[in-house]
Amino acid sequence: MPSPSPDTREACVARDLSDPLGAFRDRFVIPDRLIYLDGNSLGPMPRAATEILHRTIAQEWGRDLIGSWNSAGWFDMPVRLGDRIGALLGAGPGQAVVSDTTSINLFKALHAAMGLRPERDVVIAEAGSFPTDLYIIEGATKSAGRPMQRRLIGADGASLDALLDQRTAVVVLSHVDYRSGALLDMATITRKVHDAGALVIWDVCHSAGVVELAFDRHAVDFMVGCTYKYLNGGPGSPAFIAVAKAHQAAATHPLSGWWGHAAPFAFERDFHPDAGIKRFLCGTPPIISLRGIDVALDALNGVELAALRQKSLALTELFIARVTALLPELKIVTPRQAALRGSQVSIAFDKGYAVVQAMIERGVIGDFRAPDIMRFGFAPLYIRHADVWDAVEILAECIRTKVWRDPRYDRKLAVT
Ligand SMILES: *Cc1c(COP(=O)(O)O)cnc(C)c1O
């Protein structure tokens with residue numbers, strides 16, 4: 001059982017002083033007096049990034065040039081980093097690579113999964129999925145080379161159970177809902193999908209690096225996710241895809257680029273996929289961005305995911321307790337039950353956009369998701385209990401003073 005949330009600011013500070021993860025904060029650059037509750041959108045910069053990226057640019061690129069593909073290990077990076085991330089996913093080596101974006105990796109995974117279930121014609125997803133997942137499912141089903149149907153939980157049926165049947169080829173689910181922060185039971189759902197003879201693709205964008213995952217133990221078929229959220233890989237850092245060993249030899253996808261070829265430097269005329277996970281690569285990887293992931297994974301060295309999860313739950317618990325105490329009228333849409341919660345807390349509030357803007361001005365960075373969700377992410381590597389306490393005080397002040405009456409908080413920016 002987690003200990004009860006601290007009930008004074010002093011108790012928060014005391015909790016932070018004895019926090020076994022407390023020292024990890026120093027591995028990141030967090031601007032002074034900023035409370036950064038948006039690590040679920042873009043993680044902060046690891047302190048070592050400046051030096052390592054500078055070395056990558058000045059020495060590997062500037063001085064050693066093309067030789068670095070061999071001498072600096074550039075060529076192997078997608079696979080080496082894939083194995084490092086695989087360890088966080090609970091996947092044994094040779095099952096994950098870092099490449100492309102989550103959107104592209106989902107496209108590849110969908111094609112591979114549909115190809116593994118050629119006699120079935122339905123893909124199921126949640127109507128409230130992150131839009132790119134829905135858009136990619138649309139594109140992948142339309143390019144399947146045979147008629148496929150997309151069925152949406154919450155639109156075409158009330159639940160997965162209502163939609164899952166003998167026609168289901170693939171189920172695509174987000175482990176943590178980007179809006180509500182609700183966490184799905186990966187073990188139970190994966191088993192249920194398998195019992196129906198279908199395959200599952202888990203989008204772990206909002207759980208990789210902050211929730212314990214068990215790719216192998218739960219016999220997950222595919223995982224995709226990004227590296228710039230809780231993994232702190234940097235803006236637009238490439239994504240990952242994990243494919244269970246058992247599927248790899250038969251899993252194919254249409255983005256048959258040369259990096260997925262069995263022998264990219266043999267320059268053959270026809271495509272022969274790599275025997276293993278490298279068949280999910282496509283083209284030349286963005287080395288400088290990959291180096292950002294490398295540094296970010298170094299910053300996680302020595303961290304137990306179980307400890308991260310425990311602290312994450314303590315932080316979200318504290319946030320919920322304080323919001324409930326100070327602002328009982330607010331509607332928290334994130335589940336109160338720890339087992340059903342990711343690492344963020346979301347509040348539905350019709351003036352949410354203006355409130356988030358006003359909080360940013362006061363040094364608390366959260367974000368807003370249309371139509372009315374204020375989102376606060378709690379990355380346990382660098383967020384302190386005292387930060388949570390202070391953030392709620394500032395939220396309460398913004399609500400109490402009705403900041404939304406000031407039109408300057410209502411100007412919509414391109415990225416919310
Ligand atoms: C952040 C996020 C993405 C991002 O996709 P990109 O292609 O990397 O931009 C996809 N799916 C979910 C659920 C996300 O939260």
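The values are calculated or read from the model by the stated rules, or taken from the named source; none is laboratory data. Remember, it's a predicted structure, so these values are computed and weren't measured experimentally. Cβ sites come from the backbone with ideal geometry, for glycine too, and all protein chains shown count toward neighbours. We work out accessible area using only protein heavy atoms, side chains counted, and drop any ligands, DNA or RNA first. Shrake-Rupley method; radii C 1.70, N 1.55, O 1.52, S 1.80 Å.
For the reader, a short list of remarks on this structure follows.
- Relative packing of 181-192, 155-166, 220-231, which averages over residues the other C-beta atoms within 10 Å, highest first: 220-231, 181-192, 155-166
- Dipole magnitude for the range 52-298: about 220 debye, using +1 per Lys or Arg Cβ and -1 per Asp or Glu Cβ, origin at the Cα centre.
- Whole-angstrom gap from the range 81-154 to the range 203-217, using each part's C-alpha centre: 16
- Alpha-carbon centroid distance for the pair the range 369-387 / the range 225-276, whole angstrom: 32
- Cα point-scatterer Debye curve for the chain, base-10 log of I(q)/I(0) at q = 0.09, 0.10, 0.12, 0.13 Å⁻¹: -0.58, -0.71, -1.00, -1.15
- Cleavage-rule hits (GluC sites (Glu not before Pro)) in the range 77-182: DSSP loop, at most 10 neighbouring Cβ within 10 angstrom: Glu119
- Close amide H contacts of Met45 (hydrogens built in the peptide plane, cut-off under 5 Å, sequence separation of 5 or more or a different chain): Val29.
- Remark: the chain carries a charge dipole of roughly 380 debye about the Cα centre, counting +1 on each Lys and Arg Cβ and -1 on each Asp and Glu Cβ.
- Converting the Cα gyration tensor eigenvalues of the range 207-294 into ellipsoid dimensions via √(5λ) gives semi-axes, longest first, of 25, 19, 8 Å.
- Sequence-distant residues sharing a close amide H with Arg341 (under 5 Å, placed H): Leu183
- The range 52-298: antiparallel DSSP beta bridges as a percent of all, rounded to 5: 35
- Normalised per residue, the accessible area of the chain is 43 Å², obtained with a 1.4 Å probe and no contribution from ligands, DNA or RNA.
- For Val171, distant residues with modelled amide H under 5 Å away: Ile124, Leu199, Val200, Ile201
- Ranked by the mean number of other Cβ atoms within 10 Å of their residues, highest first, the peptides 252-261, 397-406 come out as 252-261, 397-406.
- Dimensionless Rg ratio for the range 52-298, taking C-alpha atoms and the 2.2 N^0.38 Å reference: 1.01
- Net charge contributed by nearby residues that have their C-beta within less than 13 Å of Arg146 (K/R +1, D/E -1): +2
- Dipole of the range 52-298 [Lys/Arg +1, Asp/Glu -1 at C-beta], most positive-end residue of Leu134, Pro285, Val122: Pro285
- Protection proxy ranking of 322-330, 334-342 - average other beta-carbon atoms within 10 Å, highest first: 334-342, 322-330
- Per principal axis, descending, Cα span of the range 107-254 in whole Å: 40, 35, 29
- Placing unit charges on each Cβ (+1 for Lys and Arg, -1 for Asp and Glu) gives the range 52-298 a dipole about its Cα centre, and among Gly233, His206, Asn105 the Cα reaching farthest toward its positive end belongs to Asn105.
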